[in-house]
1. Sort through ASP155, ASP99 and tell me the only one that's more than 21 Å from LYS36 (Cα to Cα) and part of a loop (DSSP other than H, G, I, E, B).
2. Restricting attention to region 1-43, and to residues there that are assigned to a helix (DSSP H, G or I) and of a type in the set (Ser, Thr, Tyr), which single residue is modelled with the highest pLDDT?
3. With respect to PHE120, determine if the residue is modelled with pLDDT under 90, of a type in the set (Phe, Trp, Tyr) and part of a loop (DSSP other than H, G, I, E, B).
4. Only one of PHE120, PHE139 is aromatic (Phe, Trp, Tyr) and more than 18 Å from SER50 (Cα to Cα); which?
5. Being in contact (Cβ under 8 Å) with a residue 24 or more places away in the chain, surrounded by 12 or more Cβ atoms within 10 Å (Cβ to Cβ) and more than 19 Å from ALA156 (Cα to Cα): is that true of ASN63 here?
6. Would you mind telling me which numbered condition in (1) closer than 19 Å to THR39 by Cα; (2) buried (at least 16 other Cβ atoms within 10 Å of the Cβ) GLU80 fails?
7. Among the residues of region 155-169, which ones are modelled with pLDDT under 75 and among the hydroxyl-bearing types (Ser, Thr, Tyr)?
Amino acid sequence: MRRGFTLIELLIVILIMSMIYFLGFEGVEIGKAKPKPLTPLNLKENIISSELFGGQVTLLCINKCTKCYMRRNISSPFEEYKSAINLIDIKAYTIDDKDSLVSIEYGRYQDQKICLKMDFYNNGSSTQIILQNDKGSYFLPALFGEPKEFESPEDAKDYWLRNSNILSDNGAFY
């Protein structure tokens, strides 16, 4: 006569296997990758892949860029960006009509100074801007190309101007 496992033995094996599984895989999320912390070089990539991105979004950072908020469109309220942020003490610059580098002053939100405000659109474009922190200076293009790192905001400005001239000269054959 063949002897099989008793119900008690099977339950004990299932209990032991369950304990091993839960102890071994505690804190592991399967199937969903966590977004990388926001940095100047991956800002556009992270925002566009964010769950809050629905075709158009505005990013707004306060408190020396340690806390950020996003809104889906102009009439939506800002929602807190819950993923990690690595934009501490970022300064934003643009270029004026005389091709001079100008620091951007955004105003205030929740009675705190806004350090960064950018718009992102469903065609992949965003606000063109130069960012600077203690690690370097970064040029974030509006549409074409990847963000680039430079040693100074002046180097980033020169790159911006050089590339805007190339783009404006491309239409000369029309």
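1. ASP99
2. SER18
3. It is false that PHE120 is modelled with pLDDT under 90, of a type in the set (Phe, Trp, Tyr) and part of a loop (DSSP other than H, G, I, E, B).
4. Answer to the check: PHE139.
5. Yes; evaluated as a whole, the condition is true for this residue.
6. Failed condition: (2).
7. Answer for region 155-169, where residues must be modelled with pLDDT under 75 and among the hydroxyl-bearing types (Ser, Thr, Tyr): just SER168.
Quick grid of which residues meet (1) under 23 Å from GLY136 (Cβ atoms); (2) assigned to a loop (DSSP other than H, G, I, E, B); (3) within 9 Å of the chain's Cα centre (by Cα); (4) of a type in the set (Gly, Ala, Ser):
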site	(1), (2), (3), (4)
ILE47	yes, no, yes, no
SER50	no, yes, yes, yes
PHE53	no, yes, no, no
LYS64	yes, yes, no, no
CYS68	yes, no, no, no
PRO77	no, yes, no, no
LYS82	no, yes, no, no
ALA92	yes, no, no, yes
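The values are calculated or read from the model by the stated rules, or taken from the named source; none is laboratory data. Keep in mind it's a predicted model, so treat the numbers as computed, not measured. All Cβ positions, even for glycine, are placed from backbone atoms using ideal geometry, and neighbour counts span all protein chains on display.
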